[in-house]
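Quick one: structure below, then a few questions.
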There are 2 protein chains.
Amino acid sequence: MTASRVVNGYPHVRPAVREKVEEAIKALGYRPNSLARATRTGVSQIGMLYSNASSSNLSNYLMGAFRQASLSGCQLLIEPSQAHPTPAQAVQKLVDAGVGAVILPPPLCDDVAILESLEKAGVGAVSFATARPREGAPAVFIDDFEGARMMTQHLLDLGHVDIAFVRGDPAHSTAQLREKGFRETMAAAGLVVDETYVADGGFSYRGGLDAARHLLGLRRRPSAIFAANDDMAAAISAVAHGLGLSIPADLSIAGFDDTSVATTVWPELTTIRQPIADMAASAVLLAMDLARPSAEPGGHVQAQLQLIERASTAPPPA
Amino acid sequence: MTASRVVNGYPHVRPAVREKVEEAIKALGYRPNSLARATRTGVSQIGMLYSNASSSNLSNYLMGAFRQASLSGCQLLIEPSQAHPTPAQAVQKLVDAGVGAVILPPPLCDDVAILESLEKAGVGAVSFATARPREGAPAVFIDDFEGARMMTQHLLDLGHVDIAFVRGDPAHSTAQLREKGFRETMAAAGLVVDETYVADGGFSYRGGLDAARHLLGLRRRPSAIFAANDDMAAAISAVAHGLGLSIPADLSIAGFDDTSVATTVWPELTTIRQPIADMAASAVLLAMDLARPSAEPGGHVQAQLQLIERASTAPPPA
DNA sequence: CTGTTAGCGCTTTCAC
DNA sequence: GTGAAAGCGCTAACAG
């Protein structure tokens, strides 16, 4: 019993005893059995939706979530939201399966109807990677505005002035914030954004292709293009190569997300990394809190962004 | 107890009773608790290595494995093999963690040294997606030769004659088999493979770029290129676009694997789909068998391949 | 064919 | 502060 307390870091154990237990743990190579633990604590299943949309990030999302679930001894039920006619049905399936809480990625995490039906069913929801976390609702998120600001500043610091921006899908709140981050940073540097330098890419490779053709066909070509995600940045890279431009000597390209395509294309993309796996792990933890009867809702976790400098950006041509 | 027998589909239960139990299960919405089950059956942890190499397939791999692990109530320990100086150390870490069996993707599944050290440690190994399953060793795999044959035949049926091939990393046994499948199908059609039409791509996007530059720079350009995986096919597509070629009107491109890039690029790639998620699930099942004391090794599971016809292939230009 | 007993590894509760 | 008792949901082994 005392050993249990030590393992769980509970108080009311004399330091001397605690130390002895810890020694024994090491000596015996003891590892707690999270399955057995779960039988007692009764932490049930938690549901996780996913949409193929952010498919490059999917593996990190799954990995982080499952690793945490393993550690915490809870069961994760994953459900592809597009396998159902409507996302609401996907959520319903999880509720019927008896999950204690649900993790909702965008755009579901901003869907009021789904949130309400969940509340009615008494099942908690954790918003994952939402751009606007709501008060009193558990959420894990990043600061999209700040990420865009960091990247824009990076390009500015490199000496770029003619910077183009490729927008994401305006339906996603993240896309709006990233654009805002770009615009305000440009303004703060005293630069006016030429509207022909802002193109729509819809977060897709295909959209990035179109945007790149427009941008690189301009009389006065930008010296750098900042795309709101990596898929679009990869498309821009492909088009630029096609036009015989060398990257980054003739053109700098920057992405956002640090998904696997960022290191697949050549040269590898300078981008903003979101710690998706850690974020998913946090979401599982929040969901487990929610599933407990002692539900104390409202935990917010903001993940740290990081600028990853790779080979696709450099100072502008002289 | 009788209920337990029914749930597990054991014999020695009168049909009438079985039916009654099943009714009750339905009426009560009973769902077995796989965690509790696992405490009794003692099915321990099973380890799973992964390499970023096939990163696009990673999410399917993880998803299939975790879903099965959830169902079977076993814990999955995943370890990125490149997080360690040598793959052997990654395996060792899992062994030290106390896993009962390990799932090995390529190229680890063909590494004799690793297999031997595992045997010495008394830990079973399941080969995942190996090209040459060994007798007496559990494995789940596909017929790479047959997949390459299917695709080559598809191009042949479309009317192509000048078909180029982009090889994978020759260190992977799958790469060798895919090339063999291509060559033998061409030979069977009475066609001689022009060696300038066979290029190395090393399974990477970068390598595909180089191969495409070589192939599309040839005096007599092939009318179709078959790449041994989707990453390389995507690279070829990018280069072709750059040269102003229209796909598939001027050039057909085919890939292999049906990873997410196949539907990311435009036009979407005709490719060979492997049911990675199902394969991973099978691997977990095999691993669990292995972890039990009653170890009856040698299960082989061959997964079914499917040709996915998308927009990147068409008859050759007139 | 069916039911009883015991126990998996852990934690909650409550005595001491 | 510490430990004894009980029980989570399930199944192996045995008894009837």
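If I filter region B:254-274 for residues that are open to solvent by 10 Å² or more (accessible area, probe 1.4 Å), more than 14 Å from chain A (Cβ to nearest Cβ) and either touching an Asp or Glu at 6+ places or on another chain (Cβ under 9 Å) or on the phi < 0 side of the Ramachandran plot (or both), do I get at least one hit?
yes
Go through A:185, A:196 for me and flag whichever is within 23 Å of the chain's Cα centre (by Cα) and not assigned by the TED database to the domain that holds residue A:131.
Result: A:185 is the single residue among A:185, A:196 that is within 23 Å of the chain's Cα centre (by Cα) and not assigned by the TED database to the domain that holds residue A:131.
Report, by residue number, each residue of region A:1-51 that is more than 8 Å from DNA strand C (Cβ to nearest atom), within 14 Å of another protein chain (Cβ to nearest Cβ) and open to solvent by 90 Å² or more (accessible area, probe 1.4 Å).
Across region A:1-51, the qualifying residues are A:26, A:28.
So residue B:108 clears everything in (1) at pLDDT 85 or above; (2) open to solvent by 20 Å² or more (accessible area, probe 1.4 Å) except one condition, right? Which one?
Among (1) at pLDDT 85 or above; (2) open to solvent by 20 Å² or more (accessible area, probe 1.4 Å), residue B:108 violates only (2).
Is one or more of the residues making up region A:88-95 more than 10 Å from every other protein chain (Cβ to nearest Cβ), over 21 Å from the mean Cα position of the chain (by Cα), under 23 Å from residue B:74 (Cβ atoms) and β-branched (Val, Ile, Thr)?
Looking for residues that are more than 10 Å from every other protein chain (Cβ to nearest Cβ), over 21 Å from the mean Cα position of the chain (by Cα), under 23 Å from residue B:74 (Cβ atoms) and β-branched (Val, Ile, Thr), one finds none in region A:88-95, hence no.
When you go through A:55, A:70 one by one, which is the residue that is within 16 Å of DNA strand C (Cβ to nearest atom), open to solvent by less than 50 Å² (accessible area, probe 1.4 Å) and modelled with pLDDT under 80?
Just a single option satisfies the conditions, and that option is A:70.
Ok, one more. Could you pull out every one of the helices (runs of 4 or more DSSP H) wholly within region B:1-115 that has 1 or more residues that are hydroxyl-bearing (Ser, Thr, Tyr)?
Hits in region B:1-115: B:2-7, B:34-41, B:55-72.
Tell me whether region B:133-140 contains one or more residues that are closer than 18 Å to residue B:285 by Cα, within 11 Å of chain A (Cβ to nearest Cβ), of a type outside the set (S, T, N, Q) and open to solvent by 10 Å² or more (accessible area, probe 1.4 Å).
Among the residues of region B:133-140, not one is closer than 18 Å to residue B:285 by Cα, within 11 Å of chain A (Cβ to nearest Cβ), of a type outside the set (S, T, N, Q) and open to solvent by 10 Å² or more (accessible area, probe 1.4 Å), which makes the answer no.
I'd like the full set of residues that are under 28 Å from residue A:305 (Cβ atoms), away from chain B (no Cβ under 14 Å) and open to solvent by 10 Å² or more (accessible area, probe 1.4 Å), limited to region A:209-249.
A:223, A:248, A:249
Here's a follow-up. Kindly provide the set of residues from region B:52-79 that are more than 23 Å from residue A:33 (Cβ to Cβ) and either more than 9 Å from every other protein chain (Cβ to nearest Cβ) or of a type in the set (S, T, N, Q) (or both), ordered by number.
Within region B:52-79, B:52, B:53, B:54, B:55, B:56, B:57, B:59, B:60, B:64 qualify.
Can you tell me which residues in region B:148-172 are open to solvent by 10 Å² or more (accessible area, probe 1.4 Å) and either part of a helix (DSSP H, G or I) or in the same structural domain as residue B:111 (by the TED database) (or both)?
Taking region B:148-172 as the starting set, the residues that turn out to be open to solvent by 10 Å² or more (accessible area, probe 1.4 Å) are B:149-150, B:153-154, B:156-159, B:161-162, B:167, B:169-172.
Scanning region B:148-172 gives B:149, B:150, B:153, B:154, B:156, B:157, B:158.
Same structure again: Which of the residues that make up region B:1-32 are in contact (Cβ under 8 Å) with a residue 12 or more places away in the chain and either closer than 29 Å to residue B:103 by Cβ or more than 14 Å from DNA strand D (Cβ to nearest atom) (or both)?
B:7, B:18, B:22, B:32
So residue A:130 fits all but one of (1) crowded, with 21+ Cβ neighbours inside 10 Å; (2) not in a loop (DSSP other than H, G, I, E, B); what number is the exception?
In the conditions (1) crowded, with 21+ Cβ neighbours inside 10 Å; (2) not in a loop (DSSP other than H, G, I, E, B), residue A:130 misses (2) alone.
Search region B:268-282 for residues that are part of a helix (DSSP H, G or I) and pair each with any residue that is surrounded by 23 or more Cβ atoms within 10 Å (Cβ to Cβ) when their beta-carbon atoms are under 6 Å apart and the residues are at least 6 apart or on different chains.
B:276/B:57; B:276/B:60; B:276/B:61; B:277/B:60; B:279/B:140; B:280/B:61; B:280/B:65; B:282/B:140
The values are calculated or read from the model by the stated rules, or taken from the named source; none is laboratory data. The structure displayed is predicted, hence computed values, not measured ones. Because the Cβ atoms are built from the backbone with ideal geometry, glycine has one as well, and the counts that use them run over all protein chains shown. Accessible surface areas use protein heavy atoms only, side chains included; no ligands, DNA or RNA. Shrake-Rupley method; radii C 1.70, N 1.55, O 1.52, S 1.80 Å.
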